[in-house]
Amino acid sequence: SSFPIQAAGAPELQVPRAAAAMGKATNAGALAAAVAAAAIGYFASTTEDLLYRVQQSLQAVVALQALPQKRIENFLNAYEMFEMDSFTGTSEQMQYVKDYYETLNHLCAIGNYEKMYLPPLLDPGLDTYSNQKLYEKRMASRLGVGPDSRVLDIGCGRGRIAHLVASETGANVTGINIDRDQLRSATEFAAASGIGERLAFVEANYNEPLPFPDNHFDALYYVQVIGGYGTDLKKLFKEAHRVLKPGGIAAFEDYIVLPAYNDSDVRHRRLVQASKAVLGVVHYYSDQEFSEALQGAGFEIIHRVNASVAEQARLLERDREFFLPLTALVSALHSVGVVPKHFADLLTRMTKGTDDCIDAHKEGLVTGDIETLVRKRLA
C-alpha cells in the first residue's frame with residue numbers, strides 16, 4: 001500500500017500506521033490462509049514432517065510479504081539470464097543470480113522445493129520432499145564420514161541438507177553460498193536444532209578459489225548447484241580436489257543436457273529454454289563435459305549413474321498440481337483486491353513454462369538424475 005505524496009507545508013493526511021499495518025496483515029493473512037489450505041491438502045497425502053512443511057510454507061508467505069519493491073523487480077528482471085546464450089559470471093550476471101535466489105528460496109519453500117532441487121525418484125510412492133530425504137540419507141552414508149570428520153557442502157542453500165548430513169553422520173559440515181538471506185536461515189535453523197556447533201555457513205562463490213586450505217575436508221558434496229551459476233567445471237573440480245583429503249569421497253548430483261537434444265530444432269530449444277527458467281539453470285553441461293572435468297581434476301570415478309528407479313518427471317507432474325492451482329488462486333485473490341499484486345506476479349513468473357519443462361524431461365532432452373561418486377586418490 002502506497003501513501004500519497006504531500007505538498008510542502010500541507011497538513012499531514014496519511015493513513016495511520018496502525019491502519020497501514022492492519023492492511024498489510026490482512027493481505028498476508030488472506031494469502032497465508034490460502035497457502036495453508038492448499039499446503040495442508042497437498043502435504044497431507046504424505047505425512048512426513050507435515051508440521052514442519054506447513055510451518056515453512058507460512059514463514060515463506062510472511063517473508064514474501066515483506067519483500068521490498070526493488071527486490072521484486074530484480075527477481076522478475078533476473079529471468080533475463082535464462083535467455084543468455086553464454087553465462088560467464090560477470091559482476092552484472094552474478095547480481096542477477098543473487099537477486100533471483102534471494103526471492104526464489106521463499107517461493108520454493110511454499111511447496112516441496114525449500115531445498116531447490118529435483119531429486120532422483122527413488123520411491124514412486126513418495127513425493128519430492130520425501131525423495132529428497134531418501135537421496136540425502138543415502139548420499140550421507142556413502143561419504144564415509146563420522147564424528148571427527150569435516151565435510152564441505154558446496155552451494156548449501158538454506159543449510160537443510162548440511163543439517164541432515166551432520167545429524168546422520170555426526171560430522172562437522174561447512175556450507176558455502178552466495179545468498180546471505182539463505183545463509184541467515186541456515187544459521188538460525190542450525191542453532192534452533194541444537195547441533196549448531198557442528199554446522200558452519202560461509203558466504204563464498206564457488207566460481208572463485210574455495211576459501212579453505214589444501215587437504216582440509218574428509219568429504220564434500222553438492223546437489224544440483226552447477227547449472228545455477230557455474231562457469232568453469234574444470235576450475236571448480238580442481239578446487240574441490242584441492243581441498244579434499246587424499247582418499248576422501250565427493251558426491252555430486254547434476255542436471256545435464258542429453259544427446260537427444262538438437263540445438264537446431266525449434267521445439268527442442270523452446271522446451272529446454274523453458275526448463276532453464278523453471279529449474280533455475282543458466283547453463284546445461286553435457287555428460288561428457290562433466291566426466292572430462294572430473295577426470296582432468298584427478299578424481300577417480302567410482303560411479304556415475306542415473307539414480308531414479310522410474311521417470312523423474314513424475315515428481316514435476318505431481319508438484320505442478322500444487323503450484324499451478326496455487327498460482328491461479330493467488331491471481332484470483334489479487335483480482336478482487338484480497339492479496340497484493342506482487343504475490344501473483346512472482347508465482348506467475350516462477351511457474352511460467354512448467355508444462356514445457358516437464359516435456360523436456362519426458363522427451364529425454366534434459367535430466368536432473370545424474371548421480372556421481374568420486375574419490376581423491378591416495379598420494
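The values are calculated or read from the model by the stated rules, or taken from the named source; none is laboratory data. Not measured: the values here are computed from a predicted model. Note that each Cβ is placed from the backbone with ideal geometry, even for glycine, and that neighbours are counted across all protein chains shown. Protein only, heavy atoms only, side chains kept; ligands, DNA and RNA dropped before computing areas. Shrake-Rupley method; radii C 1.70, N 1.55, O 1.52, S 1.80 Å.
Figures for the structure shown
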| item | result |
| --- | --- |
| Selected residue (only one of Arg318, Arg349 is in contact (Cβ under 8 Å) with a residue 24 or more places away in the chain, within 26 Å of Pro120 (Cβ to Cβ) and in a helix (DSSP H, G or I)) | Arg318 |
| Tally, over segment 166-192, of residues that are over 23 Å from Pro68 (Cβ atoms) and within 19 Å of the chain's Cα centre (by Cα) | 6 |
| Residues located in segment 74-105, provided they are open to solvent by 10 Å² or more (accessible area, probe 1.4 Å), small (Gly, Ala, Ser) and part of a helix (DSSP H, G or I) | Ser91 |
| Among residues of segment 107-126, those that are closer than 19 Å to Thr327 by Cβ and among the acidic types (Asp, Glu), counted | 1 |
| Within segment 258-275, considering residues that are out of contact with any strand residue (DSSP E or B) (no Cβ under 9 Å at 6 or more places or on another chain) and either under 19 Å from Glu80 (Cα atoms) or aromatic (Phe, Trp, Tyr) (or both), the one most open to solvent (accessible area, probe 1.4 Å) | Arg270 |
| Subset of segment 63-73 [in a helix (DSSP H, G or I) and of a type outside the set (D, E, K, R)] | Ala63, Leu64, Gln65, Gln69, Ile72 |
| Of the criteria (1) under 20 Å from Ile176 (Cα atoms); (2) open to solvent by 70 Å² or more (accessible area, probe 1.4 Å), which one Ala66 fails | (1) |
| Positions within segment 203-224 being out of contact with any helix residue (DSSP H, G or I) (no Cβ under 8 Å at 6 or more places or on another chain), open to solvent by 30 Å² or more (accessible area, probe 1.4 Å) and either under 25 Å from Leu118 (Cα atoms) or part of a loop (DSSP other than H, G, I, E, B) (or both), in sequence order | Glu208, Pro211, Gln224 |
| Residue check, Glu253 at pLDDT 95 or above and acidic (Asp, Glu) | yes |
| Cβ-Cβ under 8 Å pairs, at least 6 apart or on other chains, segment 46-65 side at positive phi, far side surrounded by fewer than 13 Cβ atoms within 10 Å (Cβ to Cβ) | none |
| Residue match in segment 242-257 (condition: over 15 Å from His361 (Cα atoms), free of Cβ contacts under 8 Å to residues at least 40 places away in the same chain, of a type outside the set (A, V, I, L, M) and out of contact with any His (no Cβ under 6 Å at 6 or more places or on another chain)) | yes |
| Hits in segment 258-291 - residues which are closer than 30 Å to Arg242 by Cα and either part of a loop (DSSP other than H, G, I, E, B) or without any contact (Cβ under 8 Å) to a residue 24 or more places away in the chain (or both) | Leu258, Gly280, Val281, Val282, His283, Tyr284, Gln288, Ser291 |
| Residue selected from segment 242-257 under the condition more than 25 Å from Gln312 (Cα to Cα) and out of contact with any Phe, Trp or Tyr (no Cβ under 6 Å at 6 or more places or on another chain), by the criterion surrounded by the fewest Cβ atoms within 10 Å (Cβ to Cβ) | Pro246 |
